[in-house]
Amino acid sequence: MSGTKRALNSLTDTDLLAGIKTGKDIERAMRFVYQSHYRMLENYVLTNSGNQDDAADLIQEVMVTFIEMVQKERFRGESSVKSFLYTLIKNLWVSELRKRENEMKRNEEFEIGRDTLEEDISQFITYKEAQKAILALFDSLGSGCKQVLTLFYYENLSVKEIVERTGYENEQNVRNRKYKCLKELTDLVQSSPTAFNNIKAALRHAK
Amino acid sequence: METLEQIDRYLDRTLTLDEAVGLEQNLQTDAELQNLFDKVTVVRDAVRSSALRSRVRNLHMQLIDEMRQQDEAVNVVPDFTKVRPLRYAQSLRWGARVAASGLLLLAGYGSYKYGTTNIDSYYSDKFMAYQLPNNRGEVEEVTPLDVLYRTGNFAGVVQRFAGLSSPNAHDQFLTGMAHMQHQQYKEAIERFIVLRKSNELQNKSLFEQETDYYLALAFLGSGRVGDAYPLFEKINKTPRHMYHQNVTDEDLWKLGLLRWKSN
């Protein structure tokens, strides 16, 4: 076994959450989760009427939700990471099955005994569902806008770093572009009142 | 400073204290400003989420590739081999030949199939040992029955089951599968039917799809093709059934022949 694998195997939940929280260790965290829990998550889907493709899609959804909930401090290690991931996949799969208008009996079973943590997860999943319409609006922007907004909001780069990394001539050009793109996106949201109202309602429930 | 920029900088916490207090006061009274504030908050989060999704997708592909390579290196048969690959290619080729050769060849093919298809060969082709999911024991409790089943002690499973005062659905199913391993089809049928009746009474669907398939096989093993056929037909007609890939149209056609032969 390599040193890297040994280090991964000994990663504690606390280390894992800390790495995700800062956003600097996402790859290491994901590698650990896949090595330790992927089969468990996959088996859950396979033994509940899903197939390989469903499992692969859903596990990615689990990872996105898990990372965001940790970063937004909606999960701080109240239960083990393994149990939390299991609860996540269960809820996401139920949500997916509901969308497919299938498996009503199984859904009823899942509703029983839902605790506070599951309630929180369920609300977050509702928010993520509503967010998909906003993601589609973001996707419709030009590549230049998507790049500059991602560098600002996801990579958390400074204006100076963005100038160094891209072809912008100076910092003012970057700032101008950022606000032009932000305005374009908020205007798109303005023109999609249903999407905006849905996500606002989901946010209200999540508070 | 434009309002949009002011909100953005407020969310980045780069406004001065006076500017931040001023904005907060305006937010209390200005509905339009509050609306814009909400939009900026939502779109900033969407930008982050979109980037995270992209990153997770790329990492997922990389990690899955690595896991496959590891599986191959240690020559482990991955879990997903439980579901057999589709036989579409084979069926399509056969279909094309039939179309090209006309009804005479179709009649010949039918005769050939009729002569060679029998219950034993069909059963052997379709039976797969049921494997317990790996997650059992990580989240759910491992039962003594699980341990006996996993170690291949099927007689032990049956014996242990006999001593249970109130077996649950999992116990019923696993014991049914243990009987299947010993070709004790009558006993397997009994276990699966008890489980399905219990589901009906409690309005549940535990192991429903598993028992569709294995009860059909147990019927087949005991020569009751007529009872097996509707279950196989249900699986074939339900694309989302977990055993759908195991019962093709051609399989159903073969079963039709077997049913006809058994009458």
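Taken together, the values in this text are just the output of simple stated rules run on the coordinates, not laboratory data. Here the structure is a predicted model, which means the values were calculated and not measured. Cβ atoms come from the backbone with ideal geometry, glycine included; neighbour counts cover every protein chain shown.
Structure above, values below:
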item	result
Shielding by partners - mean other protein chain Cβ count within 10 Å, residues of A:126-139	3
Approximate spin-label separation B:ASP71-B:ALA31, in nm, with each point projected 7 Å along Cα-to-Cβ	5.7
Over chain A: helical MRE at 222 nm, DSSP H runs n ≥ 4 each giving -39500 (n - 2.57), nearest 500	-25500 deg cm²/dmol
Rounded if a/c under 1.5, otherwise prolate or oblate - segment A:115-207, Cα gyration tensor axes	prolate
Residue-span extension gain [B:VAL194 to B:THR16] - 0.36 nm each, minus C-alpha spacing	56.9 nm
Residue list for segment B:30-68, given a label point 7 angstrom along the Cα-to-Cβ vector of A:GLN190 and an amide N cut-off under 18 Å	B:30-44
Packing-based exposure ordering (other Cβ within 10 Å, fewest first) of A:MET30, A:MET69	A:MET69, A:MET30
Exposure proxy ranking, count of Cβ atoms within 10 Å, fewest first, for B:TRP253, A:TRP93, B:TRP260	B:TRP260, B:TRP253, A:TRP93
Overall Cα dimensions of segment B:3-73, principal axis frame, Å, largest first	65, 23, 15
Cα gyration tensor category, rounded, prolate or oblate, for chain A with a/c compared to 1.5	oblate
Which of B:GLU187, A:GLU161 has the fewest Cβ neighbours within 10 Å, and the rest in rising order	A:GLU161, B:GLU187
Cα-centre dipole for segment A:115-207 with unit charges at Cβ (Lys and Arg positive, Asp and Glu negative), debye to 20	400
Fluctuation leader among A:THR65, A:THR194, A:THR47 - chain A, Gaussian network, Cα springs under 10 angstrom	A:THR47
Sites B:ARG53 and A:SER143 - FRET efficiency at Förster radius 25 Å, r taken between beta-carbons, to 0.05	0.95
Per-pair calculated FRET efficiency, R0 = 41 Å: A:ASP13 and B:GLU187 via Cβ, rounded to 0.05	0.35
